[in-house]
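Trainee: Sharing a structure here in structure tokens format.
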Amino acid sequence: MSVSRSRAVARAVARAATVAASAAAALALTAAPALAHVEVESDDARALAANVTVTFTGEAESDTAGLAKVQVVLPEGIAPGDVALAGAPAGWTFAATADGYTVGGPALAVGQDAVHRITVRRLPDTDRLVFRTLETYGDGHVDRWIEPPGDDGVEPAHPAPVLRLAPAAAGTTSLPPTTAAPSLPPAAAGEGGGSSPAVPVALAVGAAFVLAAALGVRRWRRAHGRGPAG
């Protein structure tokens, strides 16, 4: 084989090796699992399942501060009143919000994941639940995992944790929605809550008594020649 042909073959092999390496790198990037950020799982991931424990694992992604608070926006079909705290890091407390809840407390150690559990009264009748979640670190930095997955299967830049649900068991029905405690009626509202119905009744009785007394005095004056009352 001539020298020129040997060089041509070497260049062709080098080009093929470069193309193969690039393809392998692209395939590896495509197949690599995406960062979880916040994971969610359940002990009974079925539509309409009752008294379900849902576990959230918020991954610590800061090299300088620990996680101090997790805020969760509940999906449609789960009201804040339907949720109770089942477990959280030591010292962390639970508080309901208008659209979900927060759980937080002393900042965790740097690199420690924040794991907490809630009990849900009943899951809604759907095939997936999207829990938009905000993670706050001890230095005030906030990671917002709030983007639902798209229909094209491509993971967004800040994916919200999603709980996939199996179909409901046969014969399972939904529970009535949680309602707020009834307010006090006006009669028992107390200060600033309106007057008692006994007040107008007493006033009416008093007015009738005064009218009757006035008529009696007027009749007495006429009977004794005193003339009409002035």
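The values are calculated or read from the model by the stated rules, or taken from the named source; none is laboratory data. In this text, all values refer to a predicted model and were calculated from it rather than measured experimentally. Virtual Cβ from ideal backbone geometry, glycine too; neighbours counted across all protein chains shown.
Trainee: Pick from region 39-62 the residues that are of a type in the set (A, V, I, L, M, F, W, C) and under 25 Å from P106 (Cα atoms): which of them is surrounded by the fewest Cβ atoms within 10 Å (Cβ to Cβ)?
Mentor: Out of the qualifying residues, it is A60.
Trainee: Something else about it: Would you kindly identify the strands (runs of 3 or more DSSP E) lying entirely within region 53-132 that contain at least 3 residues that are in contact (Cβ under 8 Å) with a residue 40 or more places away in the chain and out of contact with any helix residue (DSSP H, G or I) (no Cβ under 9 Å at 6 or more places or on another chain)?
Mentor: Those strands (runs of 3 or more DSSP E) span 67-73, 114-122.
Trainee: Continuing with this model, one more query. List pairs: first in region 157-170 and at negative phi and surrounded by 16 or more Cβ atoms within 10 Å (Cβ to Cβ), second part of a strand (DSSP E or B) and among the aromatic types (F, W, Y), Cβ under 7 Å, 6+ apart or cross-chain?
Mentor: The qualifying pairs are P159/W145; A160/W145; P161/F56; P161/W145.
Trainee: Looking at (1) exposed (fewer than 15 other Cβ atoms within 10 Å of the Cβ); (2) within 22 Å of the chain's Cα centre (by Cα); (3) at negative phi, find the lone condition where A114 falls short.
Mentor: If we test A114 against (1) exposed (fewer than 15 other Cβ atoms within 10 Å of the Cβ); (2) within 22 Å of the chain's Cα centre (by Cα); (3) at negative phi, just (1) comes out false.
Trainee: In region 117-135, which residues are crowded, with 20+ Cβ neighbours inside 10 Å and β-branched (V, I, T)?
Mentor: Once the filter is applied, which keeps residues that are crowded, with 20+ Cβ neighbours inside 10 Å and β-branched (V, I, T), region 117-135 yields I118, V120, V130, T133.
Trainee: Of the residues A109, A65, A36, which single one is farther than 20 Å from T173 by Cβ, surrounded by fewer than 16 Cβ atoms within 10 Å (Cβ to Cβ) and either in contact with a His (Cβ under 7 Å, 6 or more places away or on another chain) or modelled with pLDDT of 95 or more (or both)?
Mentor: Step by step, each of A109, A65, A36 is checked, and only A109 is farther than 20 Å from T173 by Cβ, surrounded by fewer than 16 Cβ atoms within 10 Å (Cβ to Cβ) and either in contact with a His (Cβ under 7 Å, 6 or more places away or on another chain) or modelled with pLDDT of 95 or more (or both).
Trainee: Looking only at region 71-102, count how many residues are among the hydrophobic types (A, V, I, L, M, F, W, C), buried (at least 19 other Cβ atoms within 10 Å of the Cβ) and under 11 Å from the mean Cα position of the chain (by Cα).
Mentor: Within region 71-102, residues that are among the hydrophobic types (A, V, I, L, M, F, W, C), buried (at least 19 other Cβ atoms within 10 Å of the Cβ) and under 11 Å from the mean Cα position of the chain (by Cα) number 4.
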